[in-house]
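Participant: What follows is a single structure, and I will ask about it in a moment.
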Amino acid sequence: MLGSTHGTLTTDSRRARVIACGGQRPGPAVHDRVDDLDVSGRPLYTDVPDLTRFFRPESVAVIGASDAEGRPNTGITRQLLAWAERVGARVHPVHPTRPSVFGIPCAASVAALPGPVDLAVLLVADPLPVIRELADTKVKFAVAFASGFAETGETGAEAQRRLADAVRRSGLRLLGPNTNLNAFEHFREDLTGPAIALITQSGHQGRPVFALQELGIRLSHWAPTGNEADLETADFLSWFAEQPEVGAIACYVEGLKDGRAFLLAADRAARRKVPVVAVKVGRTEAGARTAASHTGKLTGADDVVDAAMRQFGVVRVDGLDELQDTAALLARARAPLADGVAVYSISGGTGAHAADLATAAGLRLPRLSEAKQAELHQWIPEYLSVANPVDNGGHPVGDHRGRKIIDALLADPSVGALICPITGPFPPLSDRLVADLVEAAEETDKLVCVVWGSPVGTEAAYREVLLGSSRVATFRTVGNCLSAVRAWLDHHAFVGDYRSPFDEAPRTPSPSFRKAEALMHPGQQLSEHAAKQLLRAYGIRVPREQLVTSAAAAVRAAAQVGYPVVMKASGARIAHKTELGLVKIGLTSASQVRDAYRELTDIARYEGVELDGILVCQMVGQGVEMVVGVTHDDLFGPTVTAGLGGVLVEVLHDAAVRVPPFGEDQARAMLGELRGRALLDGVRGRPPADRDALVEVVLRVQRMALELGDHIAELDINPLLVLPRGQGAVALDALVVCR
């Protein structure tokens, strides 16, 4: 997290903070130009590490190689030899006492290696001394399998820090520690088509995706990142996104090392239209915060991860089965020609059930036109429904009608995908249906999906026909099929008009920054009056108000502000004025103002609340109460939250979050995610709210988050009253806690 509380940052201090905060490591992986830092000092661009010689080295040193039976290193050495032969690499065993390993002459030490080495595999318990030896050999990459580092506690974490420091000084790139042999598996080379590249922090969790090769789906790479002392998920994600054979990237992530690095990598994939599918564990992490602001209580750490992934088009799934099915579809399916889905089944019950599930999954099932229904009824009895879902009553097996039905559905311009759930084998009907679907899929640019529901999975129609087709997307469950199709449509809609927010992120402070900086008091909570001055500095509208310290001054202020007025206690330590009775609304006369002043000061004295005065405020008309704020996330830094506000904000818990930088499209998307978004459209006779003004406030708060990230721990505008369309939005109250 960023710690500076001083003025405008110099280039050097910004760069130092990026490194100190766990940003991109210095050296070849960082494009270290001044204009590659945003106004907060975070990087806007990183170079892609060239991992070619990691996955396809010309020479490999195996340090600690063995051929002694019963030794763990022997099995690893044997696997590495087989892998090196497949990729065409020379192997140099290194062992201090053995003259040879598996008939290959050994070097006694790293210094004795016969020539340049692309990859060093460290089969030693303590890789640190070896890293230091490798520093002078120009080795490009190293892999450390050893465990006992950050995964074991603070002592191990300190050992990992020492290892990372040594790697940084050496100039090589390290995979691990606490990794495995997954990168050196036997990848099938007889498969064609776009491939899946796999990134996992736990090798076992990648097995289901790796096994897709047995179903005819190609895998190109597997990066088991382990503890990520150096190379991390973001490095592999960036590099995979630029490989022409990669059709999709599948990730199993336990923890992200650097939030900004991950977002930059996901941004690179989005620019190149490469889909990324990820399991990120930690959905049930408490994420509770002891913040004074409402905003800090609205989102947990996983909410931020979820939003950050969604911002950059990463498809987040929960199960490994979803990971494999969704990645496989996104890797192989062509771009949709329409966003409508047609469900075709041999049973009305199956079709109705699938249609319900599809609608719940957010898919659109367009009602087929009367002309299309009439066409289908040429081959389907009139008493069966063909509006969508289409019930054929039993796929024809004795003539051409079945294929005619499928072709007619695929020819409909509203249909981009055809989904056919087959609940179980029913030869010859199911066999002929599968054959017709496969033939039709070969002749169309539209997506054809089959759900083979048999629990057995040994049927010839499934094993030989469906899995033998590269054009049919085959699933074993309806749920996985529907979520994958939804991800496919969402991905192409996202990348179709994607514009990177990093290209437009502010690089220099705005004129507002100097004004705001003068209001900051490190470690303190600002009074409401000071907090509103901060908002005003950034162009966020607040009510007319005056801060007074006497009843007489309150009366004069009310006359100037204009009746009716609101009176509120203002002090640096007041978080929840309403609960303490420190707010009086609808005051319409001088006598009411005098009485309110005395009552507010009496309550404050009784509660032991220190005041800087009483605010006499303009009373603003009716609107929709919202909350907009800033909090800090340990991984991503400042985040912006928008949601339904007012006194029930923590009860409703209806909020959306984004990680800066983001554009107007994401600000509007935040509002679309709210369960109570209909309130902004006008309900029960109320006029529509000024959405444009609300979006503008969100974007101005984002600018504050970027520029004042070093100064503000939390910012909470609640309520932000969004007035009827064309009338703007007014921040009625604000809380700011300085870092």
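The values are calculated or read from the model by the stated rules, or taken from the named source; none is laboratory data. Keep in mind the model is a prediction, meaning the values are calculated, not measured. Please note: Cβ atoms are built from the backbone with ideal geometry, for glycine as well, and neighbour counts cover all protein chains shown.
Participant: What about Ile406, is it surrounded by 22 or more Cβ atoms within 10 Å (Cβ to Cβ), assigned to a helix (DSSP H, G or I) and touching a residue at least 60 places away in the same chain (Cβ under 8 Å)? Show your work before the answer.
Facilitator: On the way: surrounded by 22 or more Cβ atoms within 10 Å (Cβ to Cβ): yes; assigned to a helix (DSSP H, G or I): yes; touching a residue at least 60 places away in the same chain (Cβ under 8 Å): yes.
Here the answer is yes, as Ile406 does meet what is asked.
Participant: Return the only residue of Pro49, Pro26 being assigned to a loop (DSSP other than H, G, I, E, B), of a type outside the set (S, T, N, Q) and modelled with pLDDT of 90 or more. So that I can check it myself, show each step before the final result.
Facilitator: Numbers: Pro26 fails: modelled with pLDDT of 90 or more.
From the options Pro49, Pro26, the qualifying one is Pro49.
Participant: Of all residues in the stretch 425-448 being among the aliphatic types (A, V, I, L, M) and not in a helix (DSSP H, G or I), which is farthest from Ile406 (Cα to Cα)?
Facilitator: We begin by selecting, within the stretch 425-448, every residue among the aliphatic types (A, V, I, L, M); these are 429, 433-435, 437-438, 440-441, 447-448.
From what is left, the residues that are not in a helix (DSSP H, G or I) are 447-448.
Values: Leu447: 12, Val448: 10 Å.
This residue is Leu447.
Participant: Also, quick follow-up: For residues in the stretch 284-295 being over 17 Å from Met670 (Cβ atoms) and in contact with a strand residue (DSSP E or B) (Cβ under 9 Å, 6 or more places away or on another chain), which is modelled with the lowest pLDDT? Steps first, please.
Facilitator: Keep residues of the stretch 284-295 that are over 17 Å from Met670 (Cβ atoms), which gives 284-293.
Next, from what is left, pick out any that are in contact with a strand residue (DSSP E or B) (Cβ under 9 Å, 6 or more places away or on another chain): 289, 291-293.
Numbers: Arg289: 38, Ala291: 32, Ala292: 39, Ser293: 43.
Going through the qualifying residues, I end up with Ala291.
Participant: Now for a separate question. So the check is Cβ under 9 Å with 6+ separation or different chains; which pairs have a first residue in the stretch 344-366 that's in contact (Cβ under 8 Å) with a residue 60 or more places away in the chain and a second one that's among the charged types (D, E, K, R) and not in a strand (DSSP E or B)?
Facilitator: Hits for this filter: Ala358/Arg486; Ala361/Arg486; Gly362/Arg486; Gly362/Asp490; Leu363/Asp339; Leu363/Arg486.
Participant: May I ask you to list the residues in the stretch 334-354 that are part of a helix (DSSP H, G or I), of a type in the set (A, V, I, L, M) and surrounded by fewer than 21 Cβ atoms within 10 Å (Cβ to Cβ)? Write out each step before concluding.
Facilitator: Step one: of the stretch 334-354, the residues part of a helix (DSSP H, G or I) are 348-354.
Those left that are additionally of a type in the set (A, V, I, L, M): 352, 354.
Correct list: Ala352 only.
Participant: Another question, then. Could you tell me whether Glu154 is in the same structural domain as Val130 (by TED's automatic domain parsing) and charged (D, E, K, R)? Write out each step before concluding.
Facilitator: On the way: in the same structural domain as Val130 (by TED's automatic domain parsing): yes; charged (D, E, K, R): yes.
When the stated conditions are applied, Glu154 passes them.
Participant: Moving on. Condition first: small (Gly, Ala, Ser) and modelled with pLDDT of 95 or more. Now tell me which residues in the stretch 403-431 satisfy that.
Facilitator: Initially, the stretch 403-431 is screened for residues small (Gly, Ala, Ser), giving 408, 411, 414, 416-417, 424, 430.
Scanning the stretch 403-431 gives Ala408, Ala411, Ser414, Gly416, Ala417.
Participant: Identify all residues within the stretch 301-360 that are touching a strand residue (DSSP E or B) at 6+ places or on another chain (Cβ under 7 Å) and β-branched (Val, Ile, Thr); write none if there are none.
Facilitator: Selection gives Val304, Val305, Val314, Val315, Val317, Thr326, Val341, Val343, Thr350.
Participant: Just give me the residues in the stretch 684-720 being farther than 16 Å from Ala531 by Cα and hydrophobic (A, V, I, L, M, F, W, C), in sequence order.
Facilitator: Across the stretch 684-720, the qualifying residues are Ala689, Ala693, Leu694, Val695, Val698, Leu699, Leu706.
Participant: I need a count of the residues in the stretch 634-664 that are more than 22 Å from Ala261 (Cα to Cα), modelled with pLDDT of 90 or more and either surrounded by fewer than 16 Cβ atoms within 10 Å (Cβ to Cβ) or touching a Pro at 6+ places or on another chain (Cβ under 9 Å) (or both).
Facilitator: Looking only at that region, the number is 1.
Participant: Let me ask you something else. Can you work out which of the residues in the stretch 214-252 that are farther than 19 Å from Val279 by Cα and of a type in the set (Asp, Glu) is surrounded by the most Cβ atoms within 10 Å (Cβ to Cβ)?
Facilitator: Asp230
Participant: Turning to a different aspect of this structure: May I ask you to list pairs of residues, at least six apart or on different chains, whose Cβ atoms are under 6 Å apart, with the first in the stretch 41-62 being in contact (Cβ under 8 Å) with a residue 12 or more places away in the chain and the second being aromatic (Phe, Trp, Tyr) and not in a loop (DSSP other than H, G, I, E, B)?
Facilitator: Listed by first residue and then by second, the contacts come to Leu44/Phe502; Val48/Trp239; Leu51/Trp239; Phe54/Phe141.
Participant: Of these, Arg598, Arg605, Arg594, which one is at pLDDT below 95 and either buried (at least 22 other Cβ atoms within 10 Å of the Cβ) or of a type outside the set (Asp, Glu) (or both)? Break it down into steps so the answer makes sense when it comes.
Facilitator: On the way: Arg598 fails: at pLDDT below 95; Arg594 fails: at pLDDT below 95.
None of the others qualify; the one that does is Arg605.
Participant: For Gly479, work out the one condition from (1) in contact with a helix residue (DSSP H, G or I) (Cβ under 6 Å, 6 or more places away or on another chain); (2) closer than 24 Å to Pro336 by Cβ; (3) small (Gly, Ala, Ser) it doesn't fulfil.
Facilitator: (1)
Participant: Out of the stretch 217-238, which residues are out of contact with any strand residue (DSSP E or B) (no Cβ under 9 Å at 6 or more places or on another chain) and assigned to a helix (DSSP H, G or I)?
Facilitator: Answer for the stretch 217-238, where residues must be out of contact with any strand residue (DSSP E or B) (no Cβ under 9 Å at 6 or more places or on another chain) and assigned to a helix (DSSP H, G or I): Ala234, Ser238.
Residue by residue, here is whether (1) closer than 20 Å to Glu232 by Cα; (2) in contact with an Asp or Glu (Cβ under 9 Å, 6 or more places away or on another chain); (3) touching a residue at least 12 places away in the same chain (Cβ under 8 Å) holds:
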position: Thr155; (1), (2), (3): no, no, no
position: Leu163; (1), (2), (3): yes, yes, yes
position: Pro208; (1), (2), (3): no, yes, yes
position: Leu215; (1), (2), (3): no, no, yes
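Participant: Whether any residue in the stretch 667-678 is under 23 Å from the mean Cα position of the chain (by Cα), modelled with pLDDT under 90 and crowded, with 22+ Cβ neighbours inside 10 Å is what I want to check. Give the derivation first.
Facilitator: Here is the first cut: in the stretch 667-678, the ones under 23 Å from the mean Cα position of the chain (by Cα) are 667-675, 677.
Checking the rest, the ones that are also modelled with pLDDT under 90 come to none.
Checking the stretch 667-678: not a single residue is under 23 Å from the mean Cα position of the chain (by Cα), modelled with pLDDT under 90 and crowded, with 22+ Cβ neighbours inside 10 Å.
Participant: Pick out the one residue from Asp302, Asp321, Asp325 that is modelled with pLDDT of 95 or more, in a helix (DSSP H, G or I) and surrounded by fewer than 24 Cβ atoms within 10 Å (Cβ to Cβ). Even if it seems obvious, please write down each step before you answer.
Facilitator: On the way: Asp302 fails: modelled with pLDDT of 95 or more; Asp325 fails: surrounded by fewer than 24 Cβ atoms within 10 Å (Cβ to Cβ).
Result: Asp321 is the single residue among Asp302, Asp321, Asp325 that is modelled with pLDDT of 95 or more, in a helix (DSSP H, G or I) and surrounded by fewer than 24 Cβ atoms within 10 Å (Cβ to Cβ).
Participant: Also, I was wondering about something else. Considering only residues of the stretch 528-552 that are of a type in the set (S, T, N, Q) and touching a helix residue (DSSP H, G or I) at 6+ places or on another chain (Cβ under 7 Å), which is nearest to Glu599 (Cα to Cα)? Talk me through it step by step, then tell me what you get.
Facilitator: We begin by selecting, within the stretch 528-552, every residue of a type in the set (S, T, N, Q); these are 533, 546, 549-550.
Adding the requirement that they be touching a helix residue (DSSP H, G or I) at 6+ places or on another chain (Cβ under 7 Å) leaves 533, 546.
Working: Gln533: 26, Gln546: 18 Å.
By that ranking, first place goes to Gln546.
Participant: Kindly indicate whether any position in the stretch 603-612 is free of Cβ contacts under 8 Å to residues at least 24 places away in the same chain, within 27 Å of Gln702 (Cα to Cα) and not in a strand (DSSP E or B).
Facilitator: Within the stretch 603-612, the first condition is being free of Cβ contacts under 8 Å to residues at least 24 places away in the same chain, and the residues that meet it are 605-606, 608.
Applying the additional criterion that residues be within 27 Å of Gln702 (Cα to Cα) yields none.
Within the stretch 603-612, none of the residues are free of Cβ contacts under 8 Å to residues at least 24 places away in the same chain, within 27 Å of Gln702 (Cα to Cα) and not in a strand (DSSP E or B).
Participant: Which of the residues spanning the stretch 515-527 are out of contact with any helix residue (DSSP H, G or I) (no Cβ under 8 Å at 6 or more places or on another chain) and either part of a helix (DSSP H, G or I) or in the same structural domain as Asp733 (by TED's automatic domain parsing) (or both)?
Facilitator: Hits for the stretch 515-527 are Glu517, Ala518.
Participant: For the stretch 336-347, check the following and say yes or no: at least one residue is modelled with pLDDT under 95 and either farther than 21 Å from Cys481 by Cα or not small (Gly, Ala, Ser) (or both).
Facilitator: Yes, the stretch 336-347 contains a residue that is modelled with pLDDT under 95 and either farther than 21 Å from Cys481 by Cα or not small (Gly, Ala, Ser) (or both).
Participant: Do we find a residue being assigned to a helix (DSSP H, G or I), of a type in the set (A, V, I, L, M) and in contact (Cβ under 8 Å) with a residue 60 or more places away in the chain anywhere in the stretch 81-99?
Facilitator: Taking the stretch 81-99 first, the residues assigned to a helix (DSSP H, G or I) are 81-87.
Filter once more, keeping what is of a type in the set (A, V, I, L, M): 81-82, 84, 87.
With in contact (Cβ under 8 Å) with a residue 60 or more places away in the chain added as a condition, the list becomes 82.
Looking through the stretch 81-99, at least one residue is assigned to a helix (DSSP H, G or I), of a type in the set (A, V, I, L, M) and in contact (Cβ under 8 Å) with a residue 60 or more places away in the chain.
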